[in-house]
Amino acid sequence: MIIDSHCHLDYEPLNSNIKSVIKRAEDVGVKYFLTICTTDVSFLKILKILKENKNVFGTYGIHPHEASNFINLSTEDIINNINKDNKIIGIGETGLDFYYEHSDRKTQKQLFLKHIHACQESSKTLIVHSRSAENQTYDILSSEYKNKKFKILMHCYTGSKIFAHKLLDLECYFSASGIVTFKNSKDLSETFKSIPKNRILIETDSPYLSPEPLRGKTNEPSHLIHTLKYMSKIRNEIEENFSFQTSENFINLFDLKIKNEINNFRMWQFSWISMDNKSLG
């Protein structure tokens, strides 16, 4: 069983073909999806997706690129939105992006803090986007974590090994995207090899960041299988075991009541393998 821990099913071309997109993913073993909010318009689409697709969960949050358009958003507003559907299981994506700086740094930091405070009040998981802002991201997360602990997922992690190991002190989880499969991502691969297996998730960030060998094409959740295969290989783990581990990590992080499905799937797989081995004998 595989879980896409970060995708944008409200974005085109995925949204207008969502049934086919989900079916293709299910056909390769992707069982659940977390579709991520970036704006209020995005959120309205996500609420509709959640009602129409039982195996899709969602979040509410404002992407740092959009921070300047949501200066007046309050922590209370965020909490009110996450309470609109019980399938809203996280807050984000939020964080700091000092690479593009579509919004000024001060506004990004202020909005980031509002999302963190909403997590602290609601016990929901924070989904963090951090680019070219390692020190600032860590300073904010560590300072707030000392005040009151909250759950953190570093989405599409591309940071340094040093940054990752500092974040582990905050009990962070890390999600690997298709970027880890790129030929110029050797350092990132080494970082993910060093992260404990109970702290790793996998994602597509679709429709962006298709993994090798599909780099440059529109991404979708079915492509997650390539990231899974690559991550299993570099960590020297059996693919099926790694898929179960990352799924279990997702379930534990978001406190979902679907763990029995993993156990049932494990039992089914074991029975199938046993029967297959008998037929070969």
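For Rg and Dmax of the Cα atoms in Å, which listed value, (i) 18.7, 57; (ii) 21.2, 71; (iii) 18.4, 68, comes from the coordinates shown?
Calculated Rg and Dmax of the Cα atoms in Å: the matching label is (iii).
Whole-Hz ³J(HN,Hα) for each residue in the stretch 53-60, computed from phi via Karplus 6.51 cos²θ - 1.76 cosθ + 1.60 with θ = phi - 60°, x for glycine and proline: what do you get?
Karplus values, whole Hz, x for Gly and Pro: 9, 5, 9, 10, 10, x, 9, 10.
Hey, what do the phi angles of the stretch 183-191 turn into as Karplus ³J(HN,Hα) couplings, whole Hz, using 6.51/-1.76/1.60 and θ = phi - 60°, x for Gly and Pro?
Using θ = phi - 60°, the values come out as 5, 8, 10, 4, 5, 5, 4, 5, 4 Hz.
Compute the distance from the alpha-carbon center of the stretch 212-253 to that of the stretch 1-66, in whole Å.
If we compute the Cα centre of each part, the gap is 17 Å.
I'd like the Karplus ³J(HN,Hα) series for the stretch 114-123: coefficients 6.51, -1.76, 1.60, θ = phi - 60°, whole numbers in Hz, and an x wherever there's a Gly or Pro.
Per residue, the Karplus-derived 3J(HN,Hα) values read 5, 5, 4, 5, 5, 5, 5, 7, 9, 6 Hz.
Ranking Cys37, Cys172 by Cβ neighbours within 10 Å, fewest first, what do you get?
Cys172, Cys37
For Ile258 and Glu212, what does the FRET efficiency come to when R0 = 30 Å and r is the distance between their Cβ atoms, rounded to the nearest 0.05?
The formula returns an efficiency of 0.50 here.
Compute, for the stretch 2-280, the length of the dipole vector about the Cα centre, with Cβ point charges of +1 (Lys, Arg) and -1 (Asp, Glu) only. Units Debye, rounded to 20.
About 460 debye.
Tell me, which longest segment in the chain has none of the trypsin sites (Lys or Arg not before Pro) that fall in DSSP loops with at most 11 further Cβ atoms within 10 Å?
Answer from the scan: 55-147.
If amide hydrogens are placed 1.01 Å from N in the peptide plane, which non-local residues have theirs closer than 5 Å to the one on Ile88?
Gly58
R0 = 41 Å: FRET efficiency of Asp77 with Glu171, Cβ-based, nearest 0.05?
0.90
Suppose R0 equals 25 Å. What FRET efficiency, 1/(1 + (r/R0)^6) with r the Cβ-Cβ distance, do Ile162 and Lys186 give to the nearest 0.05?
Efficiency, rounded to the nearest 0.05: 0.95.
So between Ser194 and Ser20, what do we pick up on full extension, going 0.36 nm a residue minus the alpha carbon distance?
Using 0.36 nm per residue and subtracting the Cα-Cα distance, I get 59.0 nm.
Run the reach check for Lys149 against aspartates and glutamates, Cα to Cα strictly under 13 Å, same-chain hits fewer than 8 apart removed. What comes back?
By straight Cα distance, Lys149 reaches Glu121, Asp169, Glu171.
No lab work stands behind these numbers, since they all come straight from the coordinates. Source: prediction; values computed, not measured. We place every Cβ from the backbone using ideal geometry, glycine too, and count neighbours over all the protein chains shown.
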